[in-house]
Amino acid sequence: MDPSFIIPSLRAVDSLSNLVSNLSSDQPRQGTVRIDTAHHETHLQDHLAYVNDWASNVSIKGTQRLLEQISIDVHAQPGQARRAKEDLDNIAPIDTLISGTTSVFLGGPGAGKTTTLKMLATHLFTATSGHVSDDLSFPIVLRLRSLPSKQSISEAILQAIGLRVVIEGFYDSFDSSYNPSDHPYVSQVIENICAGYLREMNVAILLDGLDEVRHEQYRRFVSELTRLTATMGNSCIITTCRHGAYTVPIENAIVYSLKPFTHQQSVDFISKWFLDEDKTNDLIRSISESPYSELLYTPLHAANLCSVYERYGALPNEHVLIYSMIIDSRLRDWDEQRGVIRFARFSGLTQDRRKQFLSQLAYEMARVGSSLSFTILDASDALWEMSDIWDIEKSDPRELLEDLEAATGIIQLVHFDEYEFIHKTIQEFLVADHIARAPTLRQDASTIIELPDACALSIALSVDRASFSFALWDTVRTISRGRLSKFSGQFLNRIINEKLKINTSVLGGWSLLSFISCSLQRLQFFQDQEQVSTLREEPFFATVLNNDESIHKLFYSPLSLAIGYLRDSPFNEENLASIDVQKFYPEHIGRRTSEHWIDISNTIPDAGTAVIVPDEIILPKTLVEALT
């Protein structure tokens, strides 16, 4: 890696002496502040080497491909609007949009968010774009999902480049089990020093996956990024987040929406994949005749379609099944390697049972909050218990994970003791597979509420989608209203993105009405018009408010049945933060069970269960008019 970064970086640390001195004099009782640079040079070189390797490769179906081999320029436009793919006004390549501030790139699952960061990092190293490289020195990459639960972004930045903040005398009053960075004074010192370094060095901070952190981390990170945006000088922060998960905005950040591929970009991508004109034309023809043809314009989905077609020579009827086919493909490769002795511990499991094993592992990691990435320590207890359930030879967890990585490519080692699933969508599908087969959901409500995307996919894998969607609703409805509202929005967005049709059923209709109503309750917490605009542009509400025909295809039948029960209900019309809604009060068809809930099971023939719904059903007026 280019050593020219090291000397300016050391000079930047030296130039912080006045700042460090001021921090010490402001709180003399707390101790003397200094910056330990003993490992700065080696850590910075190691981190830049890691970033260069990370940015050069993209993982597809468990294999590594050079980004430049299949790369297609990703475009974005300012704001959160989701315009049709043919509307190219105000759209530009992503590397022309970065300035010395904080930028947030929003996109749906597989829209190319991580690939966008990799392309930006590559431009910074090569200095060939003429855009992002001009005023910035080097990139620092943090995958937010991998940060410890209490670590700040500032601390992670300094740790990545080997700068350690020491407050001499401060630690003497604490025992060895205390983490000093938990102290407000220490965290403030760390943040000030980080901001000072960024002002001196003009660094690009690339933060992958703001949507992949837990709820409490998200709010803490947004507050910290707001402060860093105001104090980091000409450095820039670039982060990615899914639409719908960007619920609390970073102040003064510029928001961009990643745009889908154009038709020509899709053709170019497939051409680069196959390097065969006949195969390219055959796949494009097959996709155009499928029910999910629009998914061709999403980068990850285009890659998945290529991967499945390459292996099977055909495409499934429903897009969600592509995830299953990718996993099945990897497990077939596992079968082909059964002669290798090290995989003998799994030889007694059929292919389906191996998938279930991976699904349970994915779910158990989600339960402990590890989700996409997990350490060997995170997995050790779960793997030990699973060995009994699955009748697998017990061994060191590291050895078992090594076998899984070598045999399937579905998990991969990313650091010495840290593994991750090859992509968030694959991990979500595995979690969904486990949820769909779970004998009971209610006992895991605190886990389920953190997995809205996996829950949406689990509906597709269930035998009776309507009944299962109501079981999900009944599981999460007792969670706090704020968390339930956020879950409902992301859950509905994923259903729209995946084009999941719910079968005709009163229970299915009521579960959808309840989720829609809870999602709209977010309006009561919003403080400004910018947050309302965010809600309006989420996939589900954009579809509803624009009266898009896809809402009729997916939801019309079950929603019509459920709304039929509300026709004689008293209601009032409101304009909640610029969204016209109707509030229905279903007390006339059920009995109140508690402050916020009504049991309407007596009105539904053969319900077979208590049907608990909100005592206020809030619906967009456009949806009510379309269905009645």
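The values are calculated or read from the model by the stated rules, or taken from the named source; none is laboratory data. Bear in mind the structure is a predicted one, so any value in this text is a computation, not a measurement. Note that each Cβ is placed from the backbone with ideal geometry, even for glycine, and that neighbours are counted across all protein chains shown. SASA here: full protein model, heavy atoms, side chains in, ligands and nucleic acids out. Shrake-Rupley method; radii C 1.70, N 1.55, O 1.52, S 1.80 Å.
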- Item | Local net charge near ILE579, Cβ-Cβ under 13 Å (Lys/Arg +1, Asp/Glu -1) | -1
- Message: Restricting to Cα pairs below 8 Å that are 6+ residues apart, what does the relative contact order work out to for region 464-611? Please round to a whole percent.
- Response: 22
- Note on the structure: Sparse-neighbourhood loop hits (trypsin sites (Lys or Arg not before Pro), region 532-628; DSSP loop; Cβ within 10 Å at most 10 others) -> ARG567
- Task: Over 19 Å between C-alpha atoms is what I'm after, so list which of LYS259/LYS621; LYS118/LYS259; LYS355/LYS486; LYS259/LYS553; LYS501/LYS583 land there.
- Result: LYS259/LYS621; LYS355/LYS486; LYS259/LYS553; LYS501/LYS583
- trypsin sites (Lys or Arg not before Pro) within region 214-248: which are DSSP loop residues with at most 16 other Cβ atoms inside 10 Å? ARG214
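Carbon and sulfur atoms: what percent of the 1.4 Å accessible area of region 460-513 do they account for?
Details: 800 of 1530 Å².
Exposed carbon and sulfur together represent 52 percent of the surface.
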- On average, how much accessible surface per residue is there in region 215-306, in Å², for a 1.4 Å probe, leaving out ligands, DNA and RNA? 39
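What is the sum of charges, Lys and Arg at +1 and Asp and Glu at -1, for the other residues whose Cβ falls under 12 Å from the Cβ of SER517?
Local charge sum for SER517: +2.
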- Task: Would you please give the FRET efficiency between HIS588 and ILE389, computed as 1/(1 + (r/R0)^6) with r the Cβ-Cβ distance and R0 = 56 Å, to the nearest 0.05?
- Result: 0.70
- Item | Carbon and sulfur %, accessible surface of region 237-281 computed with the full protein complex present, 1.4 Å | 47
- Task: Compute the Cα gyration tensor for region 190-269, then decide on rounded, prolate or oblate, letting a ≥ b ≥ c be the square roots of its eigenvalues: rounded whenever a/c is under 1.5, prolate when a/b is larger than b/c in the other cases, and oblate in all that remain.
- Result: oblate
- So for region 547-586, using the alpha carbon gyration tensor with a ≥ b ≥ c as root eigenvalues (a/c under 1.5 gives rounded; past that, a/b versus b/c decides prolate or oblate), I'd call it oblate
- Item | Filtered chymotrypsin sites (Phe, Trp or Tyr not before Pro), region 380-489: DSSP coil and at most 13 other beta carbons within 10 Å | PHE416
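Answer rounded, prolate or oblate for region 439-575, using the Cα gyration tensor with square roots of eigenvalues a ≥ b ≥ c: rounded when a/c is under 1.5, else prolate when a/b is larger than b/c, else oblate. Numbers along the way, then the final one.
Numbers: a/c = 1.39, a/b = 1.14, b/c = 1.22.
The shape class here is rounded.
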- Query: Counting Lys +1, Arg +1, Asp -1, Glu -1, what net charge surrounds ASP208 among other residues with beta carbon under 14 Å of its beta carbon?
  - Reply: +3
- Query: How high is the FRET efficiency from ASP352 to SER15, r the C-beta distance, R0 60 Å, rounded to 0.05?
  - Reply: 0.45
